[in-house]
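Please treat every number below as a calculation from the coordinates, not as lab data. Values in this document were obtained by computation on a predicted structure and should not be read as measured data. Heads up, the Cβs are rebuilt from the backbone with ideal geometry, glycines too, and the neighbour counts pull from every protein chain shown.
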Amino acid sequence: MRYANFPGCSASTTGKAYTESFSYVARHAGIEIDEVPDWNCCGASAGRLQSDDLGDALPARSLANAEAAFGDEPVLALCAGCYSNLRRALVHARESEDRRRQIEALIGQPYEAKADVVCGIDPFLEPEVAQTVKARVTQPLNGLKVACYYGCALVRPRALTTFDDEEDPQSMEAVVKLTGAEPVEWGSKTECCGASHHVSNPTAMKPLVERILADAIDAGAEAIATACPLCNMNLDMREAEINKARAARGEAPLDIPVYFFAQLLASAMGASDAEAGITRNFVPGSSLLAEAKTREVVVELTPEQKKAARIAAAKKQAAARKAAQAAAAAAPAQGKEEAHE
Amino acid sequence: MSRIGVFVCHCGTNIAGTVDVEAVADAARQMPNVAYAGTNKYMCSAQGQDYIVDIIKEHNLDRVVIASCSPRMHERLFRKVLAEKTDLNPYLLEVANIREQCSWVHKDKQIGTPKAINLVAMAVAKADCDTQLFTHEIPVTKRALIIGGGIAGIQAALDIADAGFPVTIVERKTTIGGKMPMLDKTFPTLDCSACISTPKMSECEAHPLIEIKTLSEVEKVEGYIGNFDVTIREKAKYIDYDKCTGCGMCETKCPQKKIPSEFNQGMSTRTAVYKPFPQAVPSKPTIDADHCRMLTEGKCGVCAKVCPTGAIDYQDVDRVTTERYGAIVLATGYELIDWTRLYGEYGGGRYADVISGLQFERLVNASGPTEGHILRPSDGTEPKTMVIVKCVGSRDPHKGVPYCSRACCMYGAKHAHQFMDKVPGGKCFVFYMDVRTPGKNYDEFYMNTLHEGARYIRGRISKITRRSDGKLVCLGEDTLSGNVVEVDADMVVLETAMVPPEGAKKLAQTVNTQLGPEGFFTEAHPKLRPVETNTGGLYLAGTAQGPKDIPDTVAQAGAAAAKVIGLLCKQSIESNPMVAHVDDSKCSGCGACVDICPYSAVTLVEKTLRENSRKVTRTVAQVNEGLCQGCGACTVACRPGASDLLGFNDEGIMREVEAYATR
């Protein structure tokens, strides 16, 4: 499968670890990546606030470039913000022919809106890619309990993203399972991480992050997986600060590493910590993965196997009971014989 | 040359306020064929009727045009006047609607008067083409069929049977009773739901004129009002009810014991041979073929061995019968919306302690899975804090349905009351959008629940998450104070929307009637004909027509029964003469009318016709006048123009259009 990658501003900055780990996995899973030529800012922070036209034109220009170079090859946006903005332009262009023409006029180049826009998780939902990844997992993260965190931009609004379920998505869980890890069920997977207030109002943001970390730990998770550079940075970078504040309040620290889901895939596929970008994490993440790889594998039995095991156990029990009865029957006889003697 | 009389009604100021009625009468006098035109304050009053009769006789009129309200309002009355007090055929009457379609929608006489004159001119032109029409008699089969055996069907069946007419109840499930026996208490009186519904069920069983067919479905309906030929499939029960005594031995010995009980909403289990609950009617078990080991795997046969009367019959097959009924009542009830599919934010069914209102009814019921103790399904402990979420699915066009389910506000208040009553010191939070309690003693009940301490919070729950200590964290907003609310609940009850039952659409096609956009059966008129459908002889009872509570359901069932009795009392009924008519000489037998007819009233037949003084046998369309509802679809579809609607013939319509176009 080939994708036209839209790197966005985070690819070589806050989301460098995502880029590195994703590239590693893509190389080994047969995902081929082109780069959108002459791409520009997706307009995430200010584009749409300026005007609806600017909000559509900025992402549409990059999409038109991708279309010109690679036809209907899907455009891959690793950053959730880029994903959301590119999809908005795409959906608007597809919604009405009038709007598509307006957008073409705004960007001054043809744009057919043929190519789809996908996020980092989507390539791994293709059955053949999932199978390749599974086959390439040489160092499974046996039973590592992972809380998959989606944040907002990947799943909402539904009209733009068409995710499986905007309130209880499951697709990242399916991908993380490929590594041998066990996703946990938890309730904060689509709660806001407060990234928009990261700089402007950290006091409003911190309780949101703290809640997500606490909920993940409460649900039994050992690690958090993300698919958005901004969420990842927010959770990973703020953890130490939050723990410091908790210590001052006399509360136990929230100790949980935060990974990009691609880092988990890469590590399980044999990438070194540097190759998977794990060394870049703020909360040290190497030792947990190393430890998970040494865990004993618990094999889940199928219902038929369970039934067979139950029958075997029942047979064994019945045999033991028979033997005990036979022994009991023999014992008094023996006693009699002894008395007789 | 006809002699038409035009009678323009003032309708007080309803018409005269925005239409100059005298000017309309003056204009009418100039119209072709008009022999008389006059006005009256209320044409429908006794004095107005006498005026029409006198003028007809005095001026020797042979056609009548009445310019008044909608023909849906008084056309029947005026026809009756013509039939009973004059020598005129009642179908030589035209009603020009100058009220609903003219005076009510316009504000001044400048616009209203010319439009009324146009409408009258059209009616006058059409009246000239009107022909005499005659009704004929249709015999009535004095039996009624009730589809659905819930409280609506039971009530209708009892009322009709008590009037002396045989009734058949067709029920899809293994017992009649529907949802009502599953409920614990009924609002606002808090009397025991099963105690008042199960006696009615056994009354049905014991009634000599009521036949109950369970595990049965209507497959085909042919015929028309007074004479419906209904094909019913009675599914195999695998038990011979003539031999079975209902001793229950088979149930106690059945080894398949782990099947979720539908009656207890999955909160307890049942066996494969089972009776859903002790008071079920018929009070005999059936074998669930999907779970029975003998029927799925071919081994077991325990029930046959233990049955003292040899009633078990694994070779039992479906029985299909066709019988004739005079009237049909649709009482197919409702289902609750499948919230687990729609509301991921409430856990999507993954949290055992987030339950539906119907599950709560079973929990709090003394014959339920917990013998009436409110215990959490997850760990069997008593919840101390309960959250009730109303409007789950209702009034939610994005995820659920746009309409209000009507009963939830009241049973939500009842659940809150029951929880606080049974759990001393328990806290109950009710999240609501609005509280709607119209009904006798309803608001008093709600106020009482408030005074007992239920905390009503205006706003919806946005998310429910489960903490590791088992608490359900409910996040919501109190929209009155503008604050975010968080409740750590032990149990959450979702009051879910009523939706049409599965198969309603198919049944609508089978019985030839319409469903509204939300999937409930459509009544003939929302106010004046609430239990009739647009198909003659077909009536509605209960939630088949739309969400409602038990009192309304029972009232509507009684009303439907009254309509059925009124029909069955007659030896015969008058047919509607305004039906489609096929001119054999023009018909090419293409069958376009057969395909388009929504009532299956048109068939193709071989007919011997006299054409050009020769006898020719060819295929032509034939209209069953009993089935035809006079919709006119076939007249539009007919290419050679052979099909015409009596009372609305093509010529009359064309003359109307001409009259308008040439003014």
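Take every residue in peptide B:633-642, count the Cβ atoms of other chains within 10 Å of its Cβ, and give the average of those counts. Please report the intermediate quantities before stating the final value.
On the way: counts 0, 0, 0, 0, 0, 0, 0, 0, 0, 0.
For peptide B:633-642, the averaged partner shielding equals 0.
Check each of the trypsin sites (Lys or Arg not before Pro) in the stretch A:217-274 and keep only those in coil by DSSP with at most 11 other C-beta atoms within 10 angstrom; list them in order. Show your work: numbers first, answer last.
Details: sites: A:Arg238, A:Lys244, A:Arg246, A:Arg249; in loops: A:Arg249.
The qualifying sites are A:Arg249.
How many nm separate the modelled label positions at A:Asp255 and B:Glu651, each set 7 Å beyond the Cα in the direction of the Cβ?
In this crude spin-label approximation the distance works out to 10.0 nm.
Among the listed pairs B:Lys200/B:Lys399; B:Lys257/B:Lys427; B:Lys253/B:Lys414; B:Lys220/B:Lys563, give every one whose C-alpha distance is greater than 28 Å. Before the final figure, lay out the partial values.
Numbers: B:Lys200/B:Lys399 37 Å; B:Lys257/B:Lys427 36 Å; B:Lys253/B:Lys414 38 Å; B:Lys220/B:Lys563 23 Å.
Flagged as over cut-off: B:Lys200/B:Lys399; B:Lys257/B:Lys427; B:Lys253/B:Lys414.
What ³J(HN,Hα) values, in whole Hz, does the Karplus curve 6.51 cos²θ - 1.76 cosθ + 1.60 give for the stretch A:64-76 when θ = phi - 60°, with x put for Gly and Pro?
5, 4, 4, 5, 5, 7, 10, x, 8, 4, x, 8, 9
Determine the calculated [θ] at 222 nm for the protein assembly as shown from helices alone, applying -39500 (n - 2.57) to every DSSP H run no shorter than 4 residues and normalising by the residue count; nearest 500 deg cm²/dmol. If you can, show how the numbers build up before the last one.
Working: 31 runs with 360 residues, N = 1004.
Result for the protein assembly as shown: -11000 deg cm²/dmol, rounded to the nearest 500.
Antiparallel versus total DSSP beta bridges in the protein assembly as shown: what percent is that, nearest 5? Write out the running numbers ahead of the final one.
Numbers: 55 of 122 bridges.
If I count the DSSP bridges inside the protein assembly as shown, around 45 percent turn out antiparallel.
List every residue whose amide H lies under 5 Å from the amide H of A:Asp34, counting only residues 5 or more places away in sequence or on a different chain, with H placed 1.01 Å from N in the peptide plane.
Excluding prolines and chain starts, which carry no amide H, the hits are A:Tyr3, A:Ala4, A:Asn5.
Take the residue pairs A:Lys206/A:Lys244; A:Lys206/B:Lys390; B:Lys506/B:Lys607 and return only those whose Cα atoms are more than 23 Å apart. Display every interim value, and only then the final one.
Details: A:Lys206/A:Lys244 12 Å; A:Lys206/B:Lys390 33 Å; B:Lys506/B:Lys607 34 Å.
In this structure, A:Lys206/B:Lys390; B:Lys506/B:Lys607 lie more than 23 Å apart at Cα.
Give the order of B:Trp104, A:Trp186 when sorted by the count of other beta carbons within 10 angstrom, beginning with the fewest.
Working: B:Trp104 17, A:Trp186 23.
Exposure proxy ranking, most exposed first: B:Trp104, A:Trp186.
Enumerate by residue number the trypsin sites (Lys or Arg not before Pro) in the stretch B:102-167 meeting two conditions: DSSP loop (anything except H, G, I, E, B), and at most 15 other Cβ atoms within 10 Å of the site's Cβ.
Details: sites: B:Lys107, B:Lys109, B:Lys115, B:Lys126, B:Lys142, B:Arg143; in loops: B:Lys107, B:Lys142, B:Arg143.
Passing sites in the stretch B:102-167 are B:Lys107.
List, in order, the whole-Hz ³J(HN,Hα) value for each residue of the stretch A:243-250 obtained from phi through the Karplus relation with A = 6.51, B = -1.76, C = 1.60 and θ = phi - 60°; use x for Gly and Pro.
Residue by residue, the stretch A:243-250 yields 5, 5, 5, 5, 4, 5, 8, x Hz.
Using r as the Cβ-Cβ distance of B:Cys247 and B:Val317, and R0 as 22 Å, what FRET efficiency do you calculate, to the nearest 0.05?
Details: r = 25 Å, r/R0 = 1.12.
Efficiency for this residue pair is about 0.35.
Give the order of B:Val564, A:Val283, A:Val199, B:Val81 when sorted by the count of other beta carbons within 10 angstrom, beginning with the fewest. Write down the numbers at each step before the final one.
Values: B:Val564 28, A:Val283 20, A:Val199 8, B:Val81 24.
Going from sparsest to densest Cβ surroundings: A:Val199, A:Val283, B:Val81, B:Val564.
Would you mind checking the stretch A:263-282 for residues with the amide N under 19 Å from a putative spin-label position 7 Å along Cα→C-beta of A:Arg27?
From the stretch A:263-282, the list is A:263-281.
Using a Förster distance of 56 Å, how high is the FRET efficiency between A:Ala308 and A:Ala105, based on the Cβ-Cβ distance and rounded to 0.05?
On the way: r = 69 Å, r/R0 = 1.23.
Efficiency, rounded to the nearest 0.05: 0.25.
Across the stretch B:226-241, in residue order, what do the Karplus-derived ³J(HN,Hα) couplings come to in whole Hz, using 6.51 cos²θ - 1.76 cosθ + 1.60 with θ = phi - 60° and x for Gly and Pro?
Couplings: x, 8, 8, 9, 10, 9, 10, 9, 9, 6, 4, 9, 6, 9, 7, 5 Hz.
Report, by chain and number, residues whose modeled amide H sits under 5 Å from the one on A:Cys193, excluding near sequence neighbours (fewer than 5 apart, same chain).
Result for A:Cys193 returns A:Cys152.
Just to confirm the filter: which trypsin sites (Lys or Arg not before Pro) across the stretch B:282-372 are DSSP coil and have at most 11 other Cβ within 10 angstrom of their Cβ? Write out the running numbers ahead of the final one.
Working: sites: B:Arg293, B:Lys299, B:Lys305, B:Arg319, B:Arg324, B:Arg341, B:Arg350, B:Arg362; in loops: B:Lys299, B:Arg350.
Hits after loop and neighbour filter: B:Lys299.
Could you check the simple spin-label distance between A:Glu35 and B:Lys440, using points 7 Å along Cα→Cβ, in nm with one decimal?
8.0
What nm distance separates the two modelled labels at A:Arg2 and B:Arg233, each placed 7 Å from Cα along Cα→Cβ?
For A:Arg2 paired with B:Arg233, the spin-label model returns 5.3 nm.
For B:Ile212, B:Ile146, which order do you get if you count the other beta carbons within 10 Å of each Cβ and list the fewest first?
Details: B:Ile212 23, B:Ile146 36.
By the 10 Å Cβ count, ascending: B:Ile212, B:Ile146.
When only C-alpha pairs under 8 Å and at least 6 residues apart count, what is the relative contact order of chain B, in percent?
Details: 1446 pairs, mean separation 86.0, N = 663.
It rounds to 13 percent for chain B.
What are the residues whose amide H is under 5 Å from the amide H of B:Phe228, where those residues sit 5 or more places off or on another chain and H is modelled from the backbone?
B:Tyr325, B:Gly326
When chain A is treated as a GNM, springs tying every alpha-carbon pair under 10 Å, which of A:Ala309, A:Ala29, A:Ala105 comes out with the largest mean-square fluctuation?
A:Ala309
Need one number: % antiparallel among DSSP beta bridges in the stretch B:336-499, to the nearest 5.
Working: 13 of 30 bridges.
Antiparallel bridges make up about 45 percent of those DSSP assigns within the stretch B:336-499.
For an R0 of 41 angstrom, estimate the FRET efficiency from the Cβ-Cβ distance between A:Arg280 and B:Met433 and round to the nearest 0.05. Write down the numbers at each step before the final one.
Working: r = 48 Å, r/R0 = 1.16.
Here the calculated transfer efficiency is 0.30.
Give me the distance between the Cα centres of the stretch B:337-414 and the stretch B:33-76, rounded to whole Å.
Distance between centres, Cα-based: 60 Å.
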